[in-house]
Amino acid sequence: MAEAEAAERRVLVAVDESEESMHALSWCLKNIISDKFSDTLLLLYVKPPRAVSTALDGTAFLFSSDVMLAIEKYGNEVADCVMEKAKKLCSELADVKVETRIENGDARDVICQMADKLGADLLVMGSHGYGLIKRAFLGSVSNHCAQNAKCPVMIVKKPKSTSNSH
């Protein structure tokens, strides 16, 4: 009985609209999820906080309610599309239990909070491979989670495409 309890694993995979995150999920399904364990795969998508645009001179743009609704609707459609794609990848494995969560906020904080709240044994995420400038502005979500999540973090890098054009 104690062995069966130990064999239950909760693996949280942070997904977004990038190829890198789908590669990380695919890698996780091939290399981590196993029918030897009673695995639950937790798919998490974090919608960015509501857009508040501020001009360089400090004046804020106020969007009309129609525009805000359109932005919200688009955000929901992106989230649903990402989840459908992720669930389709998971459906190739028969025995895995899949749970999905869509949350709002700064991905860095939300992913760490949800890993804790959902009792994840492992957090798997892709590495976007942002350049130095973009990373300086956005901050690396994967670096932040590696430093702050309470469970082990697996960062899966997408292999560089090998083109034979040289």
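The values are calculated or read from the model by the stated rules, or taken from the named source; none is laboratory data. Keep in mind that what you see is a predicted model, and the values were worked out from it rather than measured. With ideal geometry, Cβ positions are generated from the backbone for all residues, glycine too; neighbour counts draw on all protein chains shown. All accessible areas refer to the heavy atoms of the entire protein, side chains included, with ligands and DNA or RNA removed. Shrake-Rupley method; radii C 1.70, N 1.55, O 1.52, S 1.80 Å.
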| task | Could you pull out the pairs from K73/K160; K47/K157; K36/K88 whose alpha carbons sit more than 32 Å apart here? | result | K73/K160
| field | Calculated FRET efficiency for the pair K88/L118, C-beta based, R₀ 22 Å, to 0.05 | value | 0.50
| Given the protein chains as shown and a 1.4 Å probe, how many square angstrom of D39 are accessible, to the nearest 10? | 10 Å²
